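Asker: Let me begin by handing over the structure; questions about it come next.
The values are calculated or read from the model by the stated rules, or taken from the named source; none is laboratory data. Since the structure is predicted, the reported quantities are computational estimates derived from the model, not experimental observations. As a convention, Cβ positions derive from the backbone with ideal geometry for all residues, glycine included, and neighbour counts pool all protein chains shown.
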Amino acid sequence: MSTTYNIIYSPQAFLDLTELYEYIRFTLQVPKTAERQVNRIKHAIRSLETMPMRYTLVDWEPWCSKGIHRVPVDNYTVFYQVDENQMTVTVIRIFYSGRNIENIVNDTNN
């Protein structure tokens with residue numbers, strides 16, 4: 001039997017997912033694509049219930065030292081942290097992969 005982790009969305013990750021949906025749905029005006037994209041991201045996140053450590057750690061600070069992992073989903077990247085003691089996976093952020101994510105994170109932390 002495999003170990004199952006609980007998935008937690010940070011408020012920012014939930015907002016990221018909502019904004020992603022709204023951008024595709026309303027700005028790009030492709031509602032079906034918005035729904036499918038969000039479903040693929042949620043599916044990838046649900047897959048973290050088992051073996052969440054299988055994805056690579058982020059290789060830049062400050063997230064590397066915090067143990068933040070990343071999972072690519074199409075043109076997006078989901079960032080998450082695993083707490084093995086609490087058996088939780090916390091989704092930290094969801095970004096469009098074409099953005100300079102490292103700079104965004106470092107600007108936020110300053």
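Asker: Cβ contacts < 7 Å: first residue without any contact (Cβ under 8 Å) to a residue 24 or more places away in the chain, restricted to the range 32-43; second residue of a type in the set (Phe, Trp, Tyr) and surrounded by 12 or more Cβ atoms within 10 Å (Cβ to Cβ), any location; separation 6+ or different chain. Result?
Answerer: Hits for this filter: Ala34/Tyr21; Val38/Tyr21.
Asker: For residues that are of a type in the set (A, V, I, L, M) and buried (at least 17 other Cβ atoms within 10 Å of the Cβ), scanning just the range 1-39, find the one that is nearest to the chain's Cα centre (by Cα).
Answerer: Ala13
Asker: On the given criteria, is Thr33 part of a helix (DSSP H, G or I) and modelled with pLDDT under 95?
Answerer: Against the criterion (part of a helix (DSSP H, G or I) and modelled with pLDDT under 95), Thr33 does not qualify.
Asker: Can you pull out every residue in the range 48-78 that is outside any loop (DSSP other than H, G, I, E, B) and either more than 13 Å from the chain's Cα centre (by Cα) or free of Cβ contacts under 8 Å to residues at least 24 places away in the same chain (or both)?
Answerer: Glu49, Met53, Arg54, Leu57, His69, Arg70 - these are the residues of the range 48-78 that are outside any loop (DSSP other than H, G, I, E, B) and either more than 13 Å from the chain's Cα centre (by Cα) or free of Cβ contacts under 8 Å to residues at least 24 places away in the same chain (or both).
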